[in-house]
């Protein structure tokens, strides 16, 4: 079963320890200035946003069916069995289709670099594989970010909403959005407040399916269309061939007759 | 060779110099310094124009070779060579453009080694790679004839039918797939442009643009090189273009109706203005112009209609790739001047190479035969020079 993160915004105190731990884990710079930045960037995989004394984390959602992995022409992204969506910098050619395709606008780019990489939260794949929690979950002092089996976390989120319905928007963000994600969110205010796309706009269809519907027809299309084109060529040139053959035959007959 | 400094040559030189400076900025300081692309707008005009429009504008190659070699319409023969040349140059320049846009262009060969068959981009990349090769061979007879290499010329002509079929197959696939690139963004692309029919519309517009581009470049080159205009051929192409535009337009309307957008597209909004511009330029004006027999049969009328039509479909592609994302992103993307310069320099290079090819290769046999051929840059210059007397071609 795949691992996931459950972030409960009602438990978050906005201490930004997760930002610090993330920067350490991924060897990113961190300073007071960076702490004050309220946008994700190539040096900030996760951010704790504050609005009207409410907090909300943003990070890669680690989709069950990631658009980034589906669109990458060189397969630089892939979904691991454990849940994280990881990036292989060596393969990347820098087309940035992943950034355009991601419904959550998570992949960020090293625009100033001469050998730029795509940067995003990769859910500490080495730690997860070794059976550890992600750095952000481990450091979280209140348990607002919790690491565990996705199924268990879904159940826990449901229980929390049931036990404290007044505390929550009655929705687990990431449960079904774009076919489900490995980051689940709970909040007391609508998720759009913090820039998350509206659930109804995202839909429940895994994004790769939209292209899959077209791409899956290509293997049938190629031989069929070649056959049609070849057929057209044959028909349009048939008349010439027939005329040429007839002329040839006549010549031949004529020669025969002369002999 | 006496080099006269005309206004257009000066413009050409300035564009190339600024283009070289921009290329220096791109490679010395990175994409962030040379462009206004950002994490919110990862694709700018280098994808929206250089790639999406570049490939579309080069579509004449497969349309005309298909009509002549596949449908056996011999009377179109005179436009095959210039159209194939345009297509070949177009695809080469699209690839050149990618070397500016890709973040790590030196790894472009990874495309061949690390394939992801689920990716539309992978499919487009492979088709463009193969089709450029096909176009190279379709273009090769010009060079072989020039140097009187008759044996290899026979070989290439022997496989021409196969090349043409392969070219149409590859073009059908990647012209439509450029639209399919955007299918994965239903929540991001504005509903005016996001439709499951995107691949069909991209293919349909490529057919229209292929025809319009053939008329455009034929008119332009007849003015530039003072050669006879193959007017009967262009009139015929104009007629086909009219039909193709009608089909495109009706399908667009049907799609708006089908997705309940008809009420929205008539309401004024930021996106609606761009949509109106696109629909007016791509459909309303050219269809109106071409519907008048008098305009359709005049060289200038045909030229005007095809240019407006080209502008319309360029607007369409820019709407899909830029305008359609602005609401989702929440702010506008305006290309930096260096971004424009690289695009302009690529276009200018295309014009110059076309002129050079016409000068040294049998693209227009009658021009090459005559010894007085204008210099390459003159192609651009002739843009503004009023058309010389256009002689109706008896048709060959």
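The values are calculated or read from the model by the stated rules, or taken from the named source; none is laboratory data. Quick caveat: nothing in here was measured; it's all calculated off a predicted structure. Cβ coordinates were reconstructed from backbone atoms using ideal geometry, including for glycine residues, and neighbour counts include every protein chain displayed.
Residue B:155: facing chain A (nearest Cβ under 10 Å), surrounded by fewer than 18 Cβ atoms within 10 Å (Cβ to Cβ) and assigned to a helix (DSSP H, G or I), yes or no? Spell out the reasoning first.
Numbers: facing chain A (nearest Cβ under 10 Å): no; surrounded by fewer than 18 Cβ atoms within 10 Å (Cβ to Cβ): yes; assigned to a helix (DSSP H, G or I): yes.
No.
Anything in the stretch A:223-239 that is closer than 15 Å to residue B:161 by Cβ and either in contact with a helix residue (DSSP H, G or I) (Cβ under 6 Å, 6 or more places away or on another chain) or within 8 Å of chain B (Cβ to nearest Cβ) (or both)? List them, or say none. Show your work before the answer.
First, the residues of the stretch A:223-239 that are closer than 15 Å to residue B:161 by Cβ: A:226-238.
A:226, A:229, A:230, A:232, A:233, A:236, A:237, listed by residue number.
Is there a residue in the stretch B:213-220 that is within 12 Å of chain A (Cβ to nearest Cβ) and either in contact with a strand residue (DSSP E or B) (Cβ under 6 Å, 6 or more places away or on another chain) or surrounded by 22 or more Cβ atoms within 10 Å (Cβ to Cβ) (or both)?
Here is the first cut: in the stretch B:213-220, the residues within 12 Å of chain A (Cβ to nearest Cβ) are none.
No, every residue in the stretch B:213-220 fails to be within 12 Å of chain A (Cβ to nearest Cβ) and either in contact with a strand residue (DSSP E or B) (Cβ under 6 Å, 6 or more places away or on another chain) or surrounded by 22 or more Cβ atoms within 10 Å (Cβ to Cβ) (or both).
Look through A:147, A:194 and report the one residue that is in contact with a helix residue (DSSP H, G or I) (Cβ under 6 Å, 6 or more places away or on another chain) and in the same structural domain as residue A:14 (by TED's automatic domain parsing).
On the way: A:194 fails: in contact with a helix residue (DSSP H, G or I) (Cβ under 6 Å, 6 or more places away or on another chain).
Criteria check complete, one pass: A:147.
Being within 14 Å of another protein chain (Cβ to nearest Cβ) and part of a helix (DSSP H, G or I) is the requirement here; does residue B:140 meet it? First the steps, then the outcome.
Working: within 14 Å of another protein chain (Cβ to nearest Cβ): no; part of a helix (DSSP H, G or I): yes.
Answer is no for this residue.
Here are some residues: A:200, A:209, A:240. Which one is touching a residue at least 24 places away in the same chain (Cβ under 8 Å) and assigned to a helix (DSSP H, G or I)? First the steps, then the outcome.
Numbers: A:200 fails: touching a residue at least 24 places away in the same chain (Cβ under 8 Å); A:240 fails: touching a residue at least 24 places away in the same chain (Cβ under 8 Å).
Residue meeting the stated conditions: A:209.
Residues B:199, B:191, B:232: which one is assigned to a loop (DSSP other than H, G, I, E, B) and touching a helix residue (DSSP H, G or I) at 6+ places or on another chain (Cβ under 9 Å)? Please lay out each step first, then the result.
Working: B:199 fails: assigned to a loop (DSSP other than H, G, I, E, B); B:232 fails: assigned to a loop (DSSP other than H, G, I, E, B).
Within the list B:199, B:191, B:232, the selection yields B:191.
Does the stretch B:255-267 contain at least one residue that is assigned to a helix (DSSP H, G or I) and within 14 Å of another protein chain (Cβ to nearest Cβ)? Walk me through it before giving the result.
Taking the stretch B:255-267 and keeping what is assigned to a helix (DSSP H, G or I), we get B:255-258, B:262-265.
When the remaining residues are screened for being within 14 Å of another protein chain (Cβ to nearest Cβ), the result is none.
So far as the stretch B:255-267 goes, no, none of its residues is assigned to a helix (DSSP H, G or I) and within 14 Å of another protein chain (Cβ to nearest Cβ).
Here are some conditions: (1) surrounded by fewer than 17 Cβ atoms within 10 Å (Cβ to Cβ); (2) within 20 Å of the chain's Cα centre (by Cα). Residue B:123 meets all but one. Which one does it not meet?
Unmet condition: (1).
Being more than 24 Å from residue A:26 (Cα to Cα) and in a loop (DSSP other than H, G, I, E, B) is true for just one of A:170, A:141. Which residue is that?
Details: A:141 fails: more than 24 Å from residue A:26 (Cα to Cα).
A:170 is the lone residue from the list that is more than 24 Å from residue A:26 (Cα to Cα) and in a loop (DSSP other than H, G, I, E, B).
If a residue has to be surrounded by 15 or more Cβ atoms within 10 Å (Cβ to Cβ) and on the phi > 0 side of the Ramachandran plot to count, how many in the stretch B:228-268 make the cut?
The qualifying residues number 0.
Looking only at the stretch B:93-103, filter to residues that are surrounded by fewer than 19 Cβ atoms within 10 Å (Cβ to Cβ) and without any contact (Cβ under 8 Å) to a residue 40 or more places away in the chain; which one of those is farthest from the other protein chains (Cβ to nearest Cβ)?
Filtering first and then ranking leaves B:95.
How many residues does the stretch A:104-126 contain that are under 26 Å from residue A:11 (Cα atoms) and touching a residue at least 12 places away in the same chain (Cβ under 8 Å)?
The initial filter retains those residues of the stretch A:104-126 that are under 26 Å from residue A:11 (Cα atoms), namely A:104-106, A:120-125.
Now drop any that are not touching a residue at least 12 places away in the same chain (Cβ under 8 Å), which leaves A:104, A:106, A:120-125.
The total comes to 8.
Which residues, taken from the stretch B:28-63, are assigned to a loop (DSSP other than H, G, I, E, B), within 15 Å of residue B:99 (Cα to Cα) and at the interface with chain A (Cβ under 8 Å from one of its Cβ atoms)? Steps first, answer last, please.
Step one: of the stretch B:28-63, the residues assigned to a loop (DSSP other than H, G, I, E, B) are B:30, B:35-44, B:58-59.
Those still in the list that are within 15 Å of residue B:99 (Cα to Cα) too: B:30, B:35, B:43-44.
Passing the criteria: B:30, B:43.
Can you name the helices (runs of 4 or more DSSP H) wholly within the stretch B:282-389 that have at least 2 residues being within 30 Å of residue B:29 (Cβ to Cβ), modelled with pLDDT of 90 or more and over 19 Å from the mean Cα position of the chain (by Cα)? Can you show your working first?
Numbers: elements: B:285-291, B:293-296, B:299-318, B:324-329, B:337-360, B:365-369, B:378-381.
Fully inside the stretch B:282-389 and qualifying: B:324-329, B:337-360.
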